[in-house]
Every structure is written in C-alpha cells, then in structure tokens.
Amino acid sequence: MAVSSEGVWIVDAEGKRYLDASGGAVVVNLGHGRAEIARAVAEQLGKLSYAHPTMFTSPPVEDLATALSVHTPGDLNRFYFMTSGSEANETALKLARQIHQARGEHDRSVLISRWRSYHGLTMGALAAAGRPAFRVPFMPMLHDAVHIPPPYCLRCSYGLEHPSCGLRCALALDETIQNLGPKVVSAFLVEPVSGATLAAWPPPEGYLQLVREICSRHGVLLIFDEVMTGMGRTGDWFAGCRYGVTPDIMTLGKGLTGGYLALSAVAVTQEHYAAVEQGLGAFSHGGTYSHHPVGCAAGLAAVRILEQEKLVERAEAMGRFLGQQLREHLADSPFVGDVRGVGLLWGVELVADKKTLRPFARSEKVAERLWQHLFEQGVILYKAVGLAGVDGDALVVSPPFIINQEQITLVAAAIKEAISEVL
Ligand code: PLP
C-alpha cells in the first residue's frame, strides 16, 4: 500500500522506500509531491471547479492550449482536452473521419496501425492495437484496423537489415493503402518511438519521414500517438520533433500533468481544424469531463515546471547518462540482447541466447520475475512482454526527469544484480 511520495521516491505503509524508476506507467515526468501543482489545482477548485464544455471555455483551458502551442511543431495548435490516453486516441480517430467528411471524402474510414502496438483500452483504440493478447479476447472488433509490421529492426518481419532493406516496413504502408483502394483510408496511427510494446524502440533512420511522405501523397492523415513519448519524455518536447516530422494529429496524455490529474489532449493542425469548421460547423464530439478546468490547471502548472526547470533538456542529458550506465552494467550479461532508447525512455531486451537473440518463452515469465525481484529490492521498473509475438521480454526504464546520476547508477546496478540473481 503506497501512502506517500516525494521526488523519485514512493513510500509504502511499512515505511519502505521505492525508487520509482518507471515513473508509474511512464507518467511521473516531474517527480512526486510538487507543491506548485497542488497549489494550482487547489486554487482552480476554489475559482471554477466545473463548467460544461459545450457551454463554456475557461482560462486554464485557453492558457494550456496557448502554452502547448509554443512547443508543438508546425501549425499543430488546436487542442481538444479529454481525460485519458485511450480517449485521446478515440477522439483522434473520430476527428480524422470528420476532417475527411468535411472535405467530402466520405469513404475514408479505414484505419491503418502497426502490429505490436498499444493505443488504449477502449474498443476503437484496441482495434488499432497490434498485440494479440490485447486484441483477441475482444474480437471481432466494431471496426478493425488494418495492421502493418512495425520498424522493429532487431526482429525484422521481412528478415532484412537496415538500411539495405530500403525501409520495407514503411513501404508496406504505401502498398496497403493502394491495395485498399483510393480514398478509402482515413489515417495511419503510430507511436513515433514505440513505448511499452517494443520497449523504447526508436524508429530507424528515415522511417518517419517516409511514412509522412506516403501519407501526404495519398491524402491519409498521419496521427502520432505521443501519449507516452510526449511532454519531454524522449528529450524533445515531442518525439516527432526529434525526427523532424510533423503529424496531422497528435495525441497526448500521461506526462501532460505528470500524473497529478487525469488529462489528455488531441492536437490538430490549424488547416485541418479550419476544414472541419468550414465543412461541418464544428467537431462533433464531447464528454462530461472534456476541457476540465481543474485538469487543465494541473496541465498548465506542469508545462510551466518543464519550462522553468528546463526539464526537457535535463531528460536528454540524464537520458544519455542512463543509456551509458545501462550499457556499462549490462553489456556483458548473457541474457541482455539489446539496450536502446532516447531521452529518459530506455529498454533492456532480455534473451535466452545472446548470439541468436532467441527470446525467452512467455511461460518463463522472465520480465515478471525480474520485476518482482527489483520491486522487493525497492526499485520499480516497467515491464514489456510479447516483443517477439507471444514471447520476448524487456524491462523499461523511464524515471522522472529530476532523477540524478547517483540514482541512475543505482538503478543500472540493481538491474545487473537482479539478472544475475534471478536468471
Ligand atoms: N497510447 C500509448 C502509447 C500508451 O502507452 C497508452 C497507455 O499506456 C495509451 C495510449 C492509453 O492511455 P491511458 O492508459 O491513459 O488510457
């Protein structure tokens, strides 16, 4: 039972301290116990606790949109606020359909996404998800997505190598769009850096640029799911910026308030939003807790902390140190097949055979066992399973941006110790 938290630490009912090196579910970007956010939330609750989103906007909603638009790339400067990452992705899918409808392209309904992906717990987001464990229990979907292989070079679906592969996995998008027929596809939904499902896997060089070009050529909207990667996690404000690629729609969640309140957002370009306004009058969507003034006050306070304490820059610097430490501590381990990441989002892929990269079988529960051992030692990580289909395990290291070098070294050493104890 967790009873208190401060900085990078969570304390349980027995007084035991845990180093939160996963930031919960890759959420706690600013660290725990921020008095500034508590104050902003309390002040907002005292001023205006709720106003229905179809009747009013409010200062925190407008101010958060303005604050975010300073950092979002291109003209991605119109926002819609919801409460969870799942809802943000649902909102993005509906928005994409309405953008096409507003332009008279009523047949554009198909969503393309990637295998081994996760986009949320609701039915539309699950249709986009590419991990069988998430999908199969809910088949048939209301409207399933069409899936293409991810750019997971370590276990390439085509058995090729980058860059001689010519980015075959991105060309699969072009092929799929053409096979489905002209003006049938609505959007391609993708995480620019794969978070939980591929354990912090960055895109190979040129991948995002190529999918951007393919989408633009076919009039398909490119949606970046930055629920996990946004708000500085990858060492840039948004992962797309890191690779110089701007999507048509971007979703945010998790780090938007750093875990202090439930808030998510969809950002869309001014140009697409204007098309919806012109063609349909307005975006047809709305929930009881859309544009919540208190959630947005927490989000605004979080953005100000990122800016004032230069925490995005810190995520980049500490991330480099974390990568170095993980590699130094784990390079010789016979059970570590790969260490990769960007910013403060790193993955340690565990393998049964280092030479062939043969993954551990799911039944061995390797990530779970390591996670449990580390938890008992007071270090919290995030686990990823099913990287090679049903098999394949990894640990994700994604601490708050305020973590220091001493704590990073402690985490890397703890993983090393756990692997030698458990495996
Ligand atoms: N998208 C990605 C990439 C995620 O990692 C998650 C959650 O882990 C979601 C969407 C769903 O967000 P939420 O759990 O807030 O609904």
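The values are calculated or read from the model by the stated rules, or taken from the named source; none is laboratory data. Not measured: the values here are computed from a predicted model. In this analysis, Cβ positions are derived from the backbone assuming ideal geometry, glycine residues included, and neighbour counts consider all displayed protein chains.
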>> If the requirement is being free of Cβ contacts under 8 Å to residues at least 40 places away in the same chain and within 27 Å of the chain's Cα centre (by Cα), which of these qualifies: Val28, Val11?
In response: Val11
>> I'd like to know if the range 122-142 contains one or more residues that are more than 16 Å from the ligand (Cβ to nearest atom) and of a type in the set (S, T, N, Q).
In response: no
> What are the residue pairs meeting all of these: first residue in the range 155-167, first residue small (Gly, Ala, Ser), second residue part of a loop (DSSP other than H, G, I, E, B), Cβ atoms under 9 Å, and 6 or more apart or on different chains?
Replying inline: Ser157/Trp115; Ser157/Pro149; Ser157/Pro150; Gly166/Leu160
>> Of the residues Ala92, Ala127, Ala67, Ala88, only one is of a type in the set (A, V, I, L, M) and over 19 Å from the mean Cα position of the chain (by Cα); which?
In response: Ala67
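Conditions tested, residue by residue: (1) of a type in the set (Phe, Trp, Tyr); (2) surrounded by 15 or more Cβ atoms within 10 Å (Cβ to Cβ); (3) farther than 30 Å from Val411 by Cβ; (4) modelled with pLDDT of 95 or more.
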site: Val276; (1), (2), (3), (4): no, yes, yes, yes
site: His291; (1), (2), (3), (4): no, yes, yes, yes
site: Gly295; (1), (2), (3), (4): no, yes, yes, yes
site: Ala301; (1), (2), (3), (4): no, yes, no, yes
site: Gln308; (1), (2), (3), (4): no, no, no, yes
site: Glu313; (1), (2), (3), (4): no, no, no, yes
site: Glu316; (1), (2), (3), (4): no, yes, no, yes
site: Leu322; (1), (2), (3), (4): no, yes, no, yes
site: Gln325; (1), (2), (3), (4): no, yes, no, yes
>> Yes or no: the range 34-46 includes at least one residue that is of a type in the set (A, V, I, L, M, F, W, C), within 24 Å of Arg233 (Cα to Cα) and loosely packed, with under 13 Cβ neighbours inside 10 Å.
In response: yes
> Can you pull out the residues in the range 14-25 that are charged (D, E, K, R) and in contact (Cβ under 8 Å) with a residue 60 or more places away in the chain?
Replying inline: Lys16, Arg17, Asp20
> When you look at Leu326, is it within 25 Å of Cys156 (Cβ to Cβ), under 21 Å from the mean Cα position of the chain (by Cα) and in contact (Cβ under 8 Å) with a residue 12 or more places away in the chain, yes or no?
Replying inline: no
>> Is it the case, given these coordinates, that Val336 is in contact with a helix residue (DSSP H, G or I) (Cβ under 7 Å, 6 or more places away or on another chain) and buried (at least 20 other Cβ atoms within 10 Å of the Cβ)?
In response: yes
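This table checks each residue for (1) under 30 Å from Ala172 (Cα atoms); (2) within 16 Å of the ligand (Cβ to nearest atom); (3) assigned to a loop (DSSP other than H, G, I, E, B); (4) among the aromatic types (Phe, Trp, Tyr).
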position	(1), (2), (3), (4)
Ile10	no, no, no, no
Gly24	no, yes, no, no
Met55	no, no, yes, no
Ala92	yes, yes, no, no
Gln101	yes, no, no, no
Asp107	yes, no, yes, no
> Which of (1) over 19 Å from Ala265 (Cα atoms); (2) touching a helix residue (DSSP H, G or I) at 6+ places or on another chain (Cβ under 7 Å); (3) in the same structural domain as Val245 (by TED's automatic domain parsing); (4) surrounded by 15 or more Cβ atoms within 10 Å (Cβ to Cβ) does Ile99 not meet, given it meets every other one?
Replying inline: (1)
>> Can you pull out every residue in the range 371-391 that is more than 23 Å from the chain's Cα centre (by Cα) and touching a residue at least 12 places away in the same chain (Cβ under 8 Å)?
In response: His373, Leu374, Phe375, Gln377, Gly378
> Considering the range 53-77 alone, what residues qualify as being modelled with pLDDT under 95 and within 14 Å of Cys296 (Cα to Cα)?
Replying inline: Pro53
>> Checking Leu222 against (1) in contact with a Cys (Cβ under 6 Å, 6 or more places away or on another chain); (2) on the phi > 0 side of the Ramachandran plot, only one condition comes out false. Which one?
In response: (2)
> Looking only at the range 144-176, which residues are within 24 Å of Ala267 (Cα to Cα) and among the β-branched types (Val, Ile, Thr)?
Replying inline: Val146
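Condition check ((1) over 28 Å from Ala388 (Cα atoms); (2) touching a residue at least 12 places away in the same chain (Cβ under 8 Å); (3) more than 11 Å from the ligand (Cβ to nearest atom)) across all residues:
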site	(1), (2), (3)
Ser58	yes, yes, yes
Leu64	yes, yes, yes
Ala67	yes, yes, yes
His71	yes, yes, yes
Phe81	yes, yes, yes
Arg116	no, yes, yes
Gly120	no, yes, no
> Take the residues of the range 78-104 that are of a type outside the set (Val, Ile, Thr) and more than 16 Å from Ile223 (Cβ to Cβ): which is modelled with the lowest pLDDT?
Replying inline: Gln101
> Mind checking which pairs have a first residue in the range 215-228 that is more than 12 Å from Leu76 (Cβ to Cβ) and outside the structural domain of Pro182 (by TED's automatic domain parsing) and a second that is outside any strand (DSSP E or B) and within 16 Å of the ligand (Cβ to nearest atom), Cβ under 7 Å, 6 or more apart or different chains?
Replying inline: none
> Ile99: of a type in the set (Val, Ile, Thr) and over 27 Å from Gly319 (Cα atoms), yes or no?
Replying inline: yes
